[in-house]
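Since the structure comes first, as structure tokens, the remarks are kept for the end.
The values are calculated or read from the model by the stated rules, or taken from the named source; none is laboratory data. Source: prediction; values computed, not measured. In this analysis, Cβ positions are derived from the backbone assuming ideal geometry, glycine residues included, and neighbour counts consider all displayed protein chains.
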């Protein structure tokens, strides 16, 4: 089974940072950091959603890599939803 690489931890870290910022647990208000984390999470979630949807029809990802993409989606889903709610509703 393939383990996480450093870039995988970085992508999940962006989502965790955005989630902590969305929950107000960081205690600091940095609008630039917030915008970068939220929109990066939105882009990552859209990309992962497209890859997993394509994989559903074509089945080209090995199971280990698919699990890593699911970890990306799980880490970045909350900040992406927060961006969509705050800016488009």
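The table for this structure:
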item: Residues of the range 1-20 satisfying the condition of being exposed (fewer than 12 other Cβ atoms within 10 Å of the Cβ) and in contact with a helix residue (DSSP H, G or I) (Cβ under 6 Å, 6 or more places away or on another chain); result: 1, 2
item: Filter pass, residue 56 being closer than 14 Å to residue 73 by Cβ and in a helix (DSSP H, G or I); result: yes
item: Flag if residue 37 is closer than 19 Å to residue 9 by Cα, at pLDDT below 85 and part of a helix (DSSP H, G or I); result: yes
item: Candidate set from the range 63-85 (those that are touching a residue at least 40 places away in the same chain (Cβ under 8 Å) and over 13 Å from residue 8 (Cα atoms)); member that is surrounded by the fewest Cβ atoms within 10 Å (Cβ to Cβ); result: 84
item: Qualifying position, being under 16 Å from residue 83 (Cβ atoms), out of contact with any strand residue (DSSP E or B) (no Cβ under 9 Å at 6 or more places or on another chain), in a helix (DSSP H, G or I) and modelled with pLDDT under 80, among 22, 46; result: 22
item: Cβ pairs under 6 Å, 6+ apart, first in the range 1-26 and without any contact (Cβ under 8 Å) to a residue 12 or more places away in the chain and at negative phi, second in a helix (DSSP H, G or I) and surrounded by 13 or more Cβ atoms within 10 Å (Cβ to Cβ); result: 26/20
